[in-house]
Amino acid sequence: MARQLDGPYLSSFCMELSLCLKAGISLGEGLFMLAQDETDKDLKEMLQGLYDKMDAGTSLEVALEEAGCFPKYLVEMIEIGSKTGRLEAVLKALSAYYMRQVQITRSIKSAVVYPLVLMFMLLLVIGVLITKVLPIFNDVFKELGAEMSPLAVSIMRFGTGVTRYAAVILAVVVAIAIVGVVISAVPSLALKFSNFWSKVTSNRKLSKKIASARFANGMAMTLASGLDTEESLDMVERITENPVMLGRIAKCREYIKNGDLFVDAVAKAEIFGSMYCRMLSIGFKTGTADTVMDEIARRSEEEVDENIESVINKVEPTLVIIMSVIVGIILLSVMLPLMSIMTTIG
């Protein structure tokens with residue numbers, strides 16, 4: 001099984017293993033139980049393979065790496081958990097981490113998909129008006145011995161041109177859709193596209209907040225696993241994709257090398273805002289840095305959700321207003337001259 005596992009399954013997998021450890025069941029027995037209960041053929045074979053390797057004396061992290069379908073970050077975190085004796089806590093934290101990433105991804109998709117569907121429907125309405133309704137009105141005007149307004153005629157001609165090249169437009173749309181499907185189906189292409197898109201959107205406010213939330217998530221997990229701040233920073237840097245955040249992490253590392261405390265370095269590198277930096281300072285002073293990082297991650301994710309919801313709430317009425325104005329202009333360009341003619345006839 002070479003395909004990468006998705007977030008929901010990774011979250012479930014880690015939670016089930018953590019529950020096994022909590023109940024006193026060994027990892028090997030836990031994997032055997034998971035394999036027996038699995039209904040998906042590919043996943044069942046993968047779990048059975050993990051069990052066989054562990055039964056032969058292989059460690060969990062090595063078995064996961066050899067399976068080739070688990071993220072590198074998960075494998076490295078499980079290795080750290082095994083070495084520090086905190087594997088149960090690490091697995092539980094990984095479960096929460098992947099579920100949070102799934103929630104953020106779903107929020108982003110809803111923010112993109114819903115406005116696109118709305119725009120498509122509104123464009124479809126306008127397309128019907130231009131290509132079907134206006135020609136009917138044009139025939140009515142001709143029968144009355146008049147002509148439509150220049151604006152209505154221009155819009156109708158535009159619609160005629162779109163209809164004429166409808167096959168070409170449809171072919172382009174289908175080609176784009178096929179490219180999208182191919183990219184999503186091929187992991188290497190999906191990764192390249194994701195990196196490209198990350199570079200394009202890395203300077204946007206929402207992208208920065210998502211990067212901050214993921215940074216806090218990773219730091220909370222690594223600190224809770226017993227790593228020091230420098231090791232935690234190294235681990236988080238490996239999973240960070242946002243170029244802006246990578247630059248800030250590099251700055252943070254430089255400040256630490258120059259003698260600054262971790263909290264001061266984070267503040268100078270502008271990884272978090274002043275309020276979160278104050279919280280983090282208290283966390284380090286009280287020995288609860290991992291708990292504070294987890295709280296910062298939770299709050300940052302709430303801010304991401306609020307921002308996405310705010311974008312949706314702004315985009316929806318804006319699209320409706322724009323399309324309503326366009327429809328209104330089209331109808332008025334036809335109805336006003338027609339009403340004038342009818343008044344003259346009457």
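The values are calculated or read from the model by the stated rules, or taken from the named source; none is laboratory data. Note that the coordinates shown come from a computational prediction; the quantities given were computed from them, not determined experimentally. Here the Cβ is made from the backbone with ideal geometry for all residues, glycine too, and neighbour counts use every protein chain on show.
Does segment 81-91 include one or more residues that are without any contact (Cβ under 8 Å) to a residue 12 or more places away in the chain and part of a helix (DSSP H, G or I)? Yes, some residue in segment 81-91 is without any contact (Cβ under 8 Å) to a residue 12 or more places away in the chain and part of a helix (DSSP H, G or I).
Number of residues in segment 47-59 that are out of contact with any Phe, Trp or Tyr (no Cβ under 9 Å at 6 or more places or on another chain) and either of a type in the set (V, I, T) or surrounded by fewer than 19 Cβ atoms within 10 Å (Cβ to Cβ) (or both): the value is 6. Spot the failing condition for F141; the list is (1) surrounded by 15 or more Cβ atoms within 10 Å (Cβ to Cβ); (2) at pLDDT 80 or above; (3) farther than 20 Å from I210 by Cβ, and only one is missed. Just one mismatch for F141, condition (2). If you check S107 against the conditions, is it modelled with pLDDT under 90, part of a helix (DSSP H, G or I), more than 24 Å from L233 (Cβ to Cβ) and not aliphatic (A, V, I, L, M)? So S107 passes the test. Determine whether G81 is assigned by TED's automatic domain parsing to the domain that holds C14 and surrounded by fewer than 17 Cβ atoms within 10 Å (Cβ to Cβ). Taking the combined requirement at face value, the residue does not satisfy it. What tally of residues in segment 196-255 results from selecting those that are under 27 Å from E306 (Cα atoms), surrounded by fewer than 16 Cβ atoms within 10 Å (Cβ to Cβ) and modelled with pLDDT of 85 or more? Within segment 196-255, residues that are under 27 Å from E306 (Cα atoms), surrounded by fewer than 16 Cβ atoms within 10 Å (Cβ to Cβ) and modelled with pLDDT of 85 or more number 2. Quick check on my filter: what residues within segment 37-57 are of a type in the set (S, T, Y) and under 17 Å from D6 (Cα atoms)? Across segment 37-57, the qualifying residue is only T39.
Among the residues of segment 279-288, those identified as farther than 18 Å from R253 by Cα and surrounded by 14 or more Cβ atoms within 10 Å (Cβ to Cβ) are M279, G283, T288. For the criterion of being in contact with a helix residue (DSSP H, G or I) (Cβ under 7 Å, 6 or more places away or on another chain) and more than 30 Å from M235 (Cα to Cα), L118 passes.
For the condition surrounded by 13 or more Cβ atoms within 10 Å (Cβ to Cβ) and under 21 Å from D290 (Cβ atoms), Y98 qualifies.
Of the numbered criteria (1) at pLDDT 90 or above; (2) surrounded by 18 or more Cβ atoms within 10 Å (Cβ to Cβ), the one G7 fails is (1).
Hey, among E16, E45, E79, which residue is over 21 Å from S225 (Cβ atoms) and acidic (D, E)?
From the options E16, E45, E79, the qualifying one is E45.
Among the residues of segment 6-31, the ones that are of a type outside the set (S, T, Y) and touching a Leu at 6+ places or on another chain (Cβ under 8 Å) come to 11 in all. If we keep just the residues of segment 77-101 that are within 19 Å of G7 (Cα to Cα) and modelled with pLDDT under 80, which is nearest to the chain's Cα centre (by Cα)? Across segment 77-101, the extreme among qualifying residues is Q101. All of I176, I183 fail the test of being part of a helix (DSSP H, G or I), at pLDDT 75 or above and β-branched (V, I, T), apart from I176.
Looking for whichever is under 30 Å from K142 (Cβ atoms), out of contact with any Pro (no Cβ under 7 Å at 6 or more places or on another chain) and of a type in the set (G, A, S) here; the options are S281, S274, S333. Which one fits?
Just one listed residue meets the conditions, S333.
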